[in-house]
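K.L.:
Take this structure first; my questions come after.
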Amino acid sequence: MREVEALKGAFEAFDRINTDVVSHIPVVKRLQAKLILKGLFLFSLNDEGASASEIGASMLIYDENDPAGTVRQIESVLASFHNALPAQVRVQDSAGGSRFSIKLDGKDDFNLELVRLSDLVSTTVTGEIFRRSIDERFSDCSLADAAETPGRAVAGCAITWRGGLRKGQVVWDSGDVPFIPKPSDPVDWTAVIPLATGFVAPPITDTFLNDGILLIEGFEYNFTDDARTAQSLAQVFTIMLESLFEGKFPLHPYFASVIRFQDVTTLVTDFFGGARPRIEEVQALAGLYCQPIGIVTDTDGIYSPSDADELRGNDLVKLAFESIAAERGEITSLQQILAMLGAAPFGLVREGSYLLLSAMVAARLLEFVTSNGDRINYRSLDLKLIWDDIVGVSPPTESVYSNERLLFWGSLLTGRSFGSLNAAKDRQVITDTLTAWAEEWKSTDLGARFDALRDEFLNTRNWRLAAMSTRAFKSVADAIGAVGIGALNLETGPSVDSRGIFRF
């Protein structure tokens, strides 16, 4: 190395310090002084020099009984080098303490001139260079200018946590107006890069990842080694924000894979809408995304939508009901419900909230309300929903009865006891029994037999009672017939007919 032209001046300084300073240090400390000098020389080759603690660590100079005293001693030795040759040994102040380095021939003059010229470059040009370096450094970064605020650019970024996509934004803010996130912004997090006036851009990795900090709710976090080597913004913030989400949303469900909007559409249409609930793909999606939320029932390995009784015991459903107006027909804003479901401690992602509300509609606990006032109930879920057109939810305009009450009505009609509406075998038994009852009702023709009675057996009261009963039971028989041919589902038929049965 002594033959390198650019290092000749550095070696001359090294030799002079060794002769004029190190040789005069007491013998007990002389070996350490030689190690300090060697460390100073090696660190000077990277243009940055080193602090006393860095040289001590690299040269293994350490006293466990007095580590701070060791650093002070090394700094004293380095200061003696500077005092002996102030023109060749440079001292610079930094956040971590004084940094020492030996001047390299020609290089320091070049660096000083480079600093002088960089001061002449406008902050606008510097900012554009720095911004472009961000786009080039991270594969998923594409900063777009914010039209309403000069000097501000925004890049969308989504990170994955517990199988949910947490949508966010990275804001490059070099404008005069500080950036303040709006509650209405459809994002879960925002990372702001505030640039001070007169900012000069050092290397991107040094600025953001090595020397930068992440300020979260008043607490400072250094970027981890994995975050510093990440190749995308999504990777950086997935690593850095994971602990934040874990602490803020401990009750968020775990999805086995990333839940996407296309999966939500399939489940709402085919599963909750009843179009194709038992095909393999739909059953797999129900297990991945509906089961963690607790909105399905597993019967012999087959998933089916949870009924109203089961959903009422779901903590997320209870939370949704806290923000839903109880009056029938009263509309509650969809954004209000999504905000509550997305708040701590659940922090449910938007896709999960859509599934939860669809399950409630399928169980006839709610109805969706569109921007033009139309209502979407359980009968219309097999149609593809346009979520941007849905502005709110409302309790159903029709009465909703629990499965226990439906089973009671079925038992009252047929004189038999039934198990559950969720099991396929029990549903078939119920359907067959109700169909047999309806056929018996029609074959006995009680209405005609009543009409054949002589007038002396009738009075106004029993004639009115018979007319109401005949009309109600005929409605029951007609609806059960519709269930038998598949025109109505098993839950709908009894809940419609029961209003007629129990009016009298």
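The values are calculated or read from the model by the stated rules, or taken from the named source; none is laboratory data. Here the structure is a predicted model, which means the values were calculated and not measured. Here Cβ is always computed from backbone atoms with ideal geometry, including for glycine, and neighbour counts include all displayed protein chains.
K.L.:
Tell me whether the range 303-314 contains one or more residues that are of a type in the set (A, V, I, L, M, F, W, C) and within 27 Å of L407 (Cβ to Cβ). Quick ask: steps written out before the conclusion?
P.N.:
Restricting attention to the range 303-314, the residues satisfying the condition of being of a type in the set (A, V, I, L, M, F, W, C) are 308, 311.
Those still in the list that are within 27 Å of L407 (Cβ to Cβ) too: 308, 311.
Yes: one or more hits.
K.L.:
If I ask for residues that are under 15 Å from Q73 (Cα atoms) and in a helix (DSSP H, G or I), which ones from the range 1-26 would you list?
P.N.:
Residue satisfying the conditions is V22 alone.
K.L.:
Which members of the range 267-298 meet the condition of being among the charged types (D, E, K, R) and crowded, with 16+ Cβ neighbours inside 10 Å?
P.N.:
Listed by number, the list holds a single entry, D270.
K.L.:
Now for a separate question. Can you name every residue in the range 130-140 that is assigned to a helix (DSSP H, G or I) and surrounded by 13 or more Cβ atoms within 10 Å (Cβ to Cβ)? Before the answer, list the steps.
P.N.:
First, the residues of the range 130-140 that are assigned to a helix (DSSP H, G or I): 130-137.
Answer for the range 130-140, where residues must be assigned to a helix (DSSP H, G or I) and surrounded by 13 or more Cβ atoms within 10 Å (Cβ to Cβ): F130, R131, R132, S133, I134, D135, R137.
K.L.:
Kindly evaluate D185 against the criterion of being under 21 Å from the mean Cα position of the chain (by Cα), farther than 25 Å from A256 by Cα, modelled with pLDDT under 75 and in the same structural domain as S243 (by TED's automatic domain parsing). Give the steps one after another, and end with the answer.
P.N.:
Values: under 21 Å from the mean Cα position of the chain (by Cα): yes; farther than 25 Å from A256 by Cα: yes; modelled with pLDDT under 75: yes; in the same structural domain as S243 (by TED's automatic domain parsing): yes.
In short, yes.
K.L.:
Then there is this: Restricting attention to helices (runs of 4 or more DSSP H) lying wholly within the range 306-404, give those where 1 or more residues are in contact with a His (Cβ under 9 Å, 6 or more places away or on another chain), under 26 Å from Q262 (Cβ atoms) and at pLDDT 90 or above.
P.N.:
Details: elements: 308-312, 315-323, 334-341, 350-362.
Passing ranges, in order: 350-362.
K.L.:
Among S495, S469, which is modelled with pLDDT of 75 or more, assigned by TED's automatic domain parsing to the domain that holds W437 and buried (at least 16 other Cβ atoms within 10 Å of the Cβ)?
P.N.:
Details: S495 fails: modelled with pLDDT of 75 or more.
Selected residue: S469, the only one of S495, S469 that is modelled with pLDDT of 75 or more, assigned by TED's automatic domain parsing to the domain that holds W437 and buried (at least 16 other Cβ atoms within 10 Å of the Cβ).
K.L.:
So in the range 161-178, with the set limited to residues that are buried (at least 17 other Cβ atoms within 10 Å of the Cβ) and assigned to a loop (DSSP other than H, G, I, E, B), which one is modelled with the lowest pLDDT?
P.N.:
Filtering the range 161-178 for residues buried (at least 17 other Cβ atoms within 10 Å of the Cβ) gives 161-166, 168-174.
Cutting the leftovers down to assigned to a loop (DSSP other than H, G, I, E, B) gives us 162-163, 174.
Details: R162: 96, G163: 95, S174: 71.
Ranking the candidates gives S174 first.
K.L.:
Quickly run through the range 254-266 and pick out the residues that are under 13 Å from the mean Cα position of the chain (by Cα) and crowded, with 20+ Cβ neighbours inside 10 Å.
P.N.:
Scanning the range 254-266 gives F255, I259.
K.L.:
Out of the range 196-215, which residues are among the hydrophobic types (A, V, I, L, M, F, W, C), surrounded by fewer than 18 Cβ atoms within 10 Å (Cβ to Cβ) and at pLDDT below 75?
P.N.:
Residues satisfying the conditions are A196, F199, V200.
K.L.:
Let me confirm something: among G273, G294, which residue is in the same structural domain as A320 (by TED's automatic domain parsing) and at negative phi?
P.N.:
The conditions single out G273.
K.L.:
Quickly run through the range 316-347 and pick out the residues that are in contact with a Phe, Trp or Tyr (Cβ under 8 Å, 6 or more places away or on another chain), within 21 Å of F272 (Cβ to Cβ) and in contact (Cβ under 8 Å) with a residue 60 or more places away in the chain.
P.N.:
Residue satisfying the conditions is F346 alone.
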